[in-house]
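The values are calculated or read from the model by the stated rules, or taken from the named source; none is laboratory data. Because the structure is predicted, anything quoted here is derived from the model rather than measured. Glycine gets a Cβ as well: all are built from the backbone with ideal geometry, and neighbour counts include every protein chain shown. We work out accessible area using only protein heavy atoms, side chains counted, and drop any ligands, DNA or RNA first. Shrake-Rupley method; radii C 1.70, N 1.55, O 1.52, S 1.80 Å.
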Amino acid sequence: MDAIMSSVAGRATKSEIRELLKWTRRADVISFAGGLPDASLFPIDELCVLSERVLRTRGYHALQYGPTPGEPDMIEALVGHMRSFGEEADAERICVTASSQQGLDLVSLLFVDPGSPIIVELPSYIGALQAFARSGADMRGVPLEDDGMDIEALKAALAGLDREGKKPRFIYVIPDFQNPSGVNMSVEKRRELIVVARERGIPIIEDSPYREVNFSGSTLPSIWTLAGGEGVILLKTFSKILFPGMRLGWIAAGQPWMDKIIMLKQSVDLCTASFTQFIVAEYIKEGRMRDTIARAIACYRVKKDAMLAALERSMPQGTRWSRPYGGMFLWVELPEGLSSEAMFERTAERGVVYVKGRQFHCDGSGAGTMRLNYSFPSIEQIDLGIAILGQSAIAEQGSVAEQGSAAGQGSARPEDSQASTAPRRSAEKV
Ligand SMILES: Cc1ncc(COP(=O)(O)O)c(C=O)c1O
């Protein structure tokens, strides 16, 4: 049919990560690709009990349409949940969402017109880039440092936009165990960011799915908290700390944004499913979240350590990777001359998949990087999968060196091409 589709549909692109999620259901594939929790942590027995209880005691409400901002029970539970993690938000500042991806969609609808400049981290979460791109945002990437966004580079980007006569609609950051880099933004930078954004009247979008998955035991204050909730929109989700299958999250925001967010959500889905909200509200109110999160932390810490050890054993010299103390991902920088795109097929053919780093860069850079997820695979899969990844990288080095000498230029990087027998070396994220 000769139908004319919208310009929004035209801008909607396939996300590689969503494509890769289908690999996670294949038993013969070791997936380091998606940001999936370990399914053995899902509290299935408890959910059976709670589901039945919700249906029997308030089934008529649970199966009915509900209020757009969320069920009052759920909002009350969220206020308590946030407080137990040191964050304050009044009930009227909270809107329940179908997880953070909907939060990102609503933020795009709230702020972005085609061509609107926005600031994102370089690299940043693919799903956010996808939502912003769909709205037609003009994304300006600001590099990350060890301790979060490079604030001087941010100031330079803002000055550049000033010269173009433009003001960014928002600054989007993932301060806690960033996806994909694992970087945690320091308190100093969180404060500096608030100052810079306030001076210019730019909203900060703080997306924080991984904050609670913290191996160190000490949590930094959120940007939301440091800013007293002013000028910040906080996106939260249960996907990483409980399970993603119910698609439950929430937005915390002040006025006038919250009223608009609720109006926009109404036009998107009327309301989030009441049934799942009642179940999770009960789960929180029974005080089960602390234990659930503690189990996730214990599980992911061991897996993270296993992946670090496997990288140390298997990757060629010159490879660098992050050593995060929370979250679900390791960020790998391949030896110079290697591309995670070029070696993808070779690795996937042997049953191992990861996410190519370029996907996370709004400026198309990052070909020499990749993101590895450690929460989903088993320890055995981590050991085997990283060994295969290492062999792939070494084979790729061989191909690059061969192409180099065929072209009469010698190896792309001779010291690295001998690395398969050299002692392994690792480094913190640069
Ligand atoms: C930084 C970030 N934001 C948002 C999301 C979306 O998660 P969900 O929609 O499951 O809450 C993810 C998922 O990986 C993420 O890493």
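Computed from Cα positions, the angle between helix 187-200 and the longest principal axis of the chain comes to roughly 70 degrees.
Loop-located trypsin sites (Lys or Arg not before Pro) in the range 274-308 (DSSP state other than H, G, I, E, B) with a sparse environment of at most 16 neighbouring Cβ atoms within 10 Å: ARG288.
Please give the per residue volume of the convex hull enclosing the alpha carbon atoms of the range 1-156, rounded to a whole number of Å³.
In the range 1-156, the Cα hull volume divided by residue count equals 233 Å³.
Annotation for the range 108-180 versus the range 359-393: alpha-carbon center distance of 25 Å. Principal-axis analysis of the Cα atoms of the chain puts helix 72-84 at an angle of about 50° to the longest axis.
A simple spin-label model places pseudo-atoms 7 Å from Cα toward Cβ; at THR219 and ARG350 they are separated by 4.0 nm.
A crude spin-label estimate for the pair ASP2 and ALA406, with each label 7 Å from Cα along the Cβ direction, gives 4.8 nm. The residues of the range 7-132 have, on average, 47 Å² of accessible surface per residue, using a 1.4 Å probe with all protein chains present. Label-to-label distance for ALA156 and ALA39 is 4.6 nm, based on points extended 7 Å past Cα in the beta-carbon direction. Rg and Dmax, both from the Cα atoms of the range 61-119 and both in Å, are 14.4, 43.
Which whole number in µm²/s is D for the range 202-320 by Stokes-Einstein, with the Kirkwood Rh taken over Cα pairs at 20 °C and 1.002 mPa s? Before the final figure, lay out each step's value.
Details: Rh = 17.2 Å.
Rounded to a whole number, D works out at 125 µm²/s.
Here is the list for the range 200-279: GluC sites (Glu not before Pro) lying in DSSP coil, each with at most 13 other C-beta atoms within 10 angstrom of its C-beta, are GLU230.
For the range 31-87, place one equal point scatterer on every Cα, skip the solvent, and apply the Debye formula. What is log10 of I(q)/I(0) at q = 0.29 Å⁻¹? Treating every Cα as an identical point scatterer, log10 I(q)/I(0) equals -1.05. For the range 1-107, the list of GluC sites (Glu not before Pro) that fall in a loop by DSSP and count at most 13 other C-beta atoms within 10 angstrom reads GLU88.
Estimated from the Cβ-Cβ distance and a Förster radius of 30 angstrom, the FRET efficiency linking ALA9 and LEU63 is about 0.40. Amide H contacts of TRP250 (H built 1.01 Å from N, in plane; Pro and chain starts excluded): THR97, LYS236, THR237 sit under 5 Å, all sequence-distant by 5 or more or on other chains. Could you state the angle between the C-alpha long axis of helix 151-163 and the longest principal axis of the C-alpha atoms of the chain, as a value from 0 to 90 degrees rounded to the nearest 10? Once rounded, the angle reads 80 degrees.
Across the range 252-379, the relative contact order, built from alpha-carbon pairs under 8 Å that are at least six residues apart, equals 21 percent. A viscosity of 1.306 mPa s and a temperature of 10 °C, combined with the Kirkwood radius over C-alpha pairs in the Stokes-Einstein formula, give the chain a diffusion coefficient of 70 µm²/s.
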